[in-house]
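Coordinate-derived values only; no laboratory data. Please read these numbers as outputs of a predicted model, since none were measured by experiment. Cβ atoms come from the backbone with ideal geometry, glycine included; neighbour counts cover every protein chain shown.
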């Protein structure tokens, strides 16, 4: 029953990890727009674009619905394409790697723009606006969710592996005990047939005539069998003596 429960817990943990992995977005773009700073007729703002997904985002088009931007008024911390861009797009970020951030400095005239005026799309997703304080909270929240997920996965899989190894060792021990019981039965038959008493030594060749099967058994854990003398139980260098082991695990021969 313990082994069954261990397998159930292991599979449940694996399913949980797989579910969380599938729920992680391939790419997750988001952006924030700083407060406008006016110097004369010119307004300056910083547009920050982040990729919080697992995969790189590519061909990220930056659009402003009501504020045509001139290429000479756009500066970026990342590689930025401002010429030969699609209609309605003032610049394109070719690639934004996982956890990478690009800061784009905008300067323009007219009314100040807000996040609602900005549209950012990649080949596979649309960026969402966020507040910087919310961003830090989400960032740290995702970090700790990841840490807890990995920690739980390690515990679950570690426990499953430990249970599997323990069950395998117990199975080998039971098989060894059955071998020892067969050896002891052959030893008893040998003693009765040859009227052996006391602590007379027993060789493997003499016992083979009374042993079930045509080959001498081997310990599945690599232990060495000791035939011992008449009246002394056969033993294993790994698992001990047959009936002593039987008393310990409380299991029958079957």
When 87, 162 are arranged by how many other beta-carbons sit within 10 Å of their Cβ, fewest first, they go 87, 162
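What is the calculated FRET efficiency for residue 66 to residue 95, with r their C-beta to C-beta distance and R₀ = 30 Å, to the nearest 0.05? All intermediate terms of the calculation are to be shown ahead of the outcome.
On the way: r = 28 Å, r/R0 = 0.93.
Plugging the Cβ-Cβ distance into 1/(1 + (r/R0)^6) gives 0.60.
Fewest first, what order do 104, 230 take by the number of other Cβ atoms within 10 Å? List each step's numbers first, then the result.
Details: 104 22, 230 17.
Lowest count first: 230, 104.
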log10 of Debye I(q)/I(0), alpha-carbon scatterers only, for segment 29-129 at 0.10, 0.21 Å⁻¹ | -0.24, -1.07
